[in-house]
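Each remark here refers to the structure printed beneath this line.
The values are calculated or read from the model by the stated rules, or taken from the named source; none is laboratory data. Note that the coordinates shown come from a computational prediction; the quantities given were computed from them, not determined experimentally. When we count neighbours, we look across all protein chains shown, and the Cβ atoms used for this are built from the backbone with ideal geometry, even at glycine.
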Amino acid sequence: MKQKTNPLLSIHSYIVIAFIYLPVLMILIFSFNTSRISSKWEGFTFKWYGSLFSNRYVMDALMNSLTIAITSTIIATVLGTIAAIALRNALKKSKTVLGMLYLPIVVPDIIMGLSLLLLFSQFHFPLGKWTIIIAHVTFSISYVYVIVASRISGMGKQLEEAAQDLGASPWQTFRHITLPAIWPGVLAGAIMAFTLSIDDFMISFFVSGPNSTTLPIYIYGLVKRGISPEINALCTIMIFVSVGLILLAQWLQNKGNRGKKASTLPF
Amino acid sequence: MIQLVNIEKQFAGQPVVHPLSLTIEEGEFLTLLGPSGCGKTTILRMIAGFEQPTVGEIFLDGKNVTELPPNKRDLNLVFQHYALFPHMTVEQNIQFGLKMKKIPAAEQKERIAEAIRLTQLTPLAKRYPHQLSGGQQQRVAIARAIANKPRVLLLDEPLGALDLQLRKNLQAELKQLQRSLGITFVYVTHDQEEAMMMSDRIVIMNTGKIEQIGTPKEIYNRPQTLFAATFIGENNVFNEEDGRMFAVRPEKLIPVSDNSRGSKRTGVIQDIVYLGNVHKLVVHLDHEQTSVSICLDFTDEDTWQIGQQIGIDWSDASEVNIGP
């Protein structure tokens with residue numbers, strides 16, 4: 001049944017979308033601006049993208065970011081997946097445990113960062129790449145857990161029972177049946193963790209040390225000296241990579257959920 | 001082949017299966033029959049090893065398997081919703097059990113080929129489950145189970161999700177398969193017609209208890225409890241003034257149009273139902289708040305009318321006493 005929509009409502013939704021995307025659009029447009037001064041358009045160029053890749057500091061920061069993101073993603077994905085499997089049955093019984101797993105998602109980043117800094121300094125743990133990795137693992141586990149757990153609860157017990165009935169040991173059942181069934185969820189969780197790590201500024205800022213400057217921290221440092229078109233170019237790349245990864249994660253998560261309600265990411 | 005000794009099952013303190021014992025013979029087709037929630041599936045799952053009895057022991061081929069996990073039991077279960085592995089082809093599904101048991105590759109091939117042949121799946125071997133119809137998926141589930149050459153095949157309402165015509169065909173096929181394989185079938189269903197048609201013996205269950213065990217013929221002709229009398233086929237239950245209760249099948253009742261000679265009961269015809277090969281009279285009894293059903297075949301040439309006052313008779317031998 002078609003319903004008549006008030007034209008004001010559709011105008012409103014366009015305004016909302018413009019409100020969200022205008023800042024991003026500005027960065028995108030000015031990353032192609034010939035002029036060094038951001039506020040004036042003088043012509044189209046790719047040169048800022050070029051100079052970005054020949055900038056040693058940018059490349060160092062990128063390498064740091066990638067090392068940290070890949071390492072923390074692997075650790076968080078393994079731990080989060082194991083947690084989702086382990087808590088599969090316990091969940092119905094303990095709402096408290098479930099709530100505690102969600103906590104890092106709702107706790108403000110600034111508090112996460114501060115508390116981690118406090119923890120590391122308490123144990124005299126030298127700040128650097130490893131402290132950032134640990135920090136990123138801490139919050140990524142929750143996201144991986146949420147995504148993988150929803151996948152597991154969707155698959156039911158029948159397939160695993162059928163495998164056991166056919167003579168598969170618990171390990172064989174996991175390896176041949178459970179893992180292939182939850183694999184899209186695991187991958188989606190990993191991509192989510194990677195994106196969060198690459199994008200994180202607040203928590204990294206608290207726990208970073210010398211030689212562990214990540215891209216967001218580097219960008220923040222640059223901004224203090226004025227916004228250059230190079231930053232715009234860098235940000236544009238990061239936006240596209242992040243959005244691409246999030247879309248991939250969503251697609252993976254919904255794949256195979258045919259007919260069922262598509263699950264959404266928790267943010 | 002299988003012995004359940006004083007087994008009992010409770011879920012969260014609620015009894016689902018009351019203490020019962022049951023012996024299943026080698027090579028027989030035994031059906032657990034009852035309405036949903038009667039505990040029949042729980043018994044099947046206890047035999048398969050997915051549930052542990054709260055009390056009691058289970059023996060398989062003389063060996064106590066009560067504590068054994070499902071993968072160590074020499075029997076296979078066909079699940080109600082088939083539980084085919086979606087990421088494997090028909091062939092790979094059938095191969096799975098053989099692979100897990102590390103059976104030599106040459107024998108695996110042979111057994112897969114045989115299972116596929118027996119279940120007529122040859123043209124579908126390379127398909128994935130989602131490319132198959134319900135009936136075909138059912139066949140794959142059975143092929144996957146019998147490829148393991150189990151001593152016992154457990155079937156949990158395997159035809160429940162299929163439409164009537166397909167169900168009728170598969171019932172005959174399954175019965176045929178059981179005869180040619182010669183293995184023990186333990187079949188769970190709530191469909192009494194299906195149970196009557198396929199089984200060597202039927203176990204009628206209600207609210208976690210066994211009501212009666214017997215061949216289809218025994219159960220139809222000599223029901224021992226009120227539940228057994230009314231659950232299997234149509235039946236008329238009469239109460240005598242001395243408290244005696246007995247049942248008479250509709251085809252054993254004789255309508256008498258001239259009831260001047262005192263018949264056993266009298267009543268008024270409420271409805272006449274034609275079913276092709278037979279027709280039925282629904283008669284409201286005169287002195288009891290109940291109706292009975294009389295089944296007549298082609299030999300009946302009388303003309304009956306709704307509202308007609310008739311007598312109802314039967315031979316004493318047709319009475320089946322129910323209850324204590």
Notebook entry, point to check: In the stretch A:164-185, which residue that is within 7 Å of another protein chain (Cβ to nearest Cβ) and on the phi < 0 side of the Ramachandran plot is surrounded by the most Cβ atoms within 10 Å (Cβ to Cβ)?
Noted result: A:Leu166
Check: For the stretch B:1-26, how many residues are outside any strand (DSSP E or B) and surrounded by fewer than 16 Cβ atoms within 10 Å (Cβ to Cβ)?
Finding: 4
Check: So, in the stretch A:143-163, of the ones that are hydrophobic (A, V, I, L, M, F, W, C) and in contact (Cβ under 8 Å) with a residue 40 or more places away in the chain, which residue ends up farthest from the other protein chains (Cβ to nearest Cβ)?
Finding: A:Val146
Check: Using beta carbons and a limit of 7 Å, which pairs, at least six apart or on different chains, have the first residue in the stretch B:41-57 and closer than 17 Å to B:Pro15 by Cα and more than 11 Å from chain A (Cβ to nearest Cβ) and the second one part of a helix (DSSP H, G or I) and among the hydrophobic types (A, V, I, L, M, F, W, C)?
Finding: B:Pro53/B:Met46
Notebook entry, point to check: When you scan the stretch B:86-109, how many residues do you find that are facing another protein chain (nearest Cβ under 8 Å), under 19 Å from B:Pro150 (Cβ atoms) and not in a helix (DSSP H, G or I)?
Noted result: 1
Margin query: Can you go through A:Pro229, A:Pro266, A:Pro210 and tell me which one is at pLDDT below 85 and in contact with a strand residue (DSSP E or B) (Cβ under 7 Å, 6 or more places away or on another chain)?
Written below: A:Pro229
Notebook entry, point to check: When you scan the stretch A:53-146 for helices (runs of 4 or more DSSP H) that lie fully inside it, which ones turn up with 3 or more residues that are of a type in the set (S, T, N, Q)?
Noted result: A:56-86, A:109-122
Check: Condition test on B:Ala228, is it more than 20 Å from B:Ile306 (Cβ to Cβ), touching a Phe, Trp or Tyr at 6+ places or on another chain (Cβ under 8 Å) and of a type outside the set (Phe, Trp, Tyr)?
Finding: no
Check: Are there any pairs, at least 6 apart or on different chains, whose C-beta atoms fall under 6 Å, with the first in the stretch B:68-85 and within 8 Å of chain A (Cβ to nearest Cβ) and without any contact (Cβ under 8 Å) to a residue 24 or more places away in the chain and the second crowded, with 19+ Cβ neighbours inside 10 Å and part of a loop (DSSP other than H, G, I, E, B), and if so, which?
Finding: B:Pro69/B:Gly49; B:Pro70/B:Gly49
Item checked: Filter pass, A:Val137 being hydrophobic (A, V, I, L, M, F, W, C), touching a Ser or Thr at 6+ places or on another chain (Cβ under 8 Å) and more than 14 Å from chain B (Cβ to nearest Cβ) -> yes
Margin query: With the condition being among the polar types (S, T, N, Q) and either more than 30 Å from B:Asn206 (Cβ to Cβ) or not assigned by the TED database to the domain that holds B:Leu32 (or both), I'd like the strands (runs of 3 or more DSSP E) fully within the stretch B:216-321 carrying at least 2 qualifying residues.
Written below: B:236-239, B:265-274, B:291-296
Item checked: Cβ-Cβ under 9 Å pairs, at least 6 apart or on other chains, the stretch B:306-319 side more than 15 Å from B:Ile272 (Cβ to Cβ), far side in a helix (DSSP H, G or I) -> B:Trp314/B:Lys252; B:Ser315/B:Lys252; B:Ala317/B:Lys252; B:Ser318/B:Lys252; B:Glu319/B:Lys252
